[in-house]
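Where a number appears in this text, it was derived from the coordinates with a stated rule and is not lab data. Everything quoted here is computed from the prediction, not taken from an experiment. Cβ placement follows ideal geometry from the backbone for every residue including glycine, while neighbour counts extend to all protein chains displayed.
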Amino acid sequence: MDYESLYKEYQYIEKSLKDQIKSLSKLQKSIAKGMESGELAKARVDLAQLEGINTTTSESIDGLKGTLLGFDSRSYIESGLFATQLLEQCEAAGIDVIGEFPIYEMFPYRVRISVEEEAVYLDRKKYALLRPKSLVSLIKGSQEKLYKASFNAASFANELAAAYDLAELSNPKKAGGDVYLTTLYKYLVPMARSRKEYDQQSYAFDIARLFDSEEVELKGGRRYQFGPSRNNNKALRILDREGREHYLATIRFF
């Protein structure tokens, strides 16, 4: 059984349970009112109805218990059905996906499905969401929030230029040449603990936003130029604002 089938089964039970609880609440109030006014006969009639609904409610709860506990969530994930439906929902939502089970990239996020924990990691954050539709909605919303966030292209480019200068100092023979963006990341974020806060996926997203921005003039009038690579293993995969894929490998400041 997949999650949507489980959810439909739940909704049928939930509707009945909701109606029963509503009736229970109504009878409880009627009994309270009868006892307050002294209408004992009416309170006894209400009590009989309350007992009948209570029996039906217990049956609904047992049905709900069977539905929830009877769903093998581990098998749902382990079989690959969860991942298949997740990718279908991504396609419907227009989310670009690369990779294969259990690790995918949904730029700029790294998505990892954990069979053992029955959860999904969005970068380092864990989500126990087993409904693909809900998970895709979360990812889509997070992507849109990132793209709406303010970005100072000039400030980031100047920071990148400073990292480029440090890289040149360590290798003077290649001064003025192209430097791999992955190399600059290490100069930009030299401390390992800082990389947990600003990982390479976040860096790639900032590179994508700089790539999308109109070229800015840097301190000292410097300019920059991105370069590709024949080896995509050394390149950062990014998506531009139109969702087009690019592989950027190097940058040069001049």
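For residue 126, the aspartates and glutamates whose Cα comes closer than 17 Å to its Cα, not counting residues fewer than 8 places off in the same chain, are 105, 116, 117, 118, 197, 199. Between residue 212 and residue 242, the simple spin-label model (points 7 angstrom out along Cα→Cβ) gives 1.3 nm. Exposed loop GluC sites (Glu not before Pro) only (DSSP loop, at most 15 other Cβ atoms within 10 Å): please give the longest stretch of the chain free of them, not including the sites. For GluC sites (Glu not before Pro) (loop position, at most 15 other Cβ atoms within 10 Å), the longest site-free span of the chain is 119-213.
Derived from the Cα gyration tensor, the three semi-axes of the equivalent ellipsoid of the chain are 59, 21, 14 Å, largest first. If the reach is capped at under 24 angstrom between alpha carbons, list the lysines near residue 15, excluding any in the same chain fewer than eight residues apart. The qualifying lysines are 26, 29, 65, 133.
Between beta-carbons, use under 14 Å as the cut-off and find the net charge around residue 252, counting Lys and Arg +1, Asp and Glu -1. Spell out each step's value before the answer.
Values: positive: 174, 222, 223; negative: 165, 168, 178, 215.
Within the 14 Å Cβ shell, the charges total -1.
Values of log10 I(q)/I(0) for the range 106-254 across q = 0.12, 0.21 Å⁻¹ run -0.57, -1.41, by the Debye formula with one identical scatterer at each alpha carbon and no solvent.
Please compute the alpha carbon radius of gyration of the range 103-169, then divide it by the globular-protein estimate 2.2 N^0.38 Å. Two decimals is fine. Mind dumping the intermediate values first?
Details: Rg = 16.9 Å, N = 67, 2.2 N^0.38 = 10.9 Å.
Dividing the Cα radius of gyration by 2.2 N^0.38 Å gives 1.56.
Counting Lys and Arg as +1 and Asp and Glu as -1 over every other residue whose Cβ lies under 13 Å from the Cβ of residue 32, the net charge comes to +1. Pairs of lysine residues in the range 136-247 that meet both criteria, 8 or more places apart or on different chains and Cα atoms under 28 Å apart, total 18.
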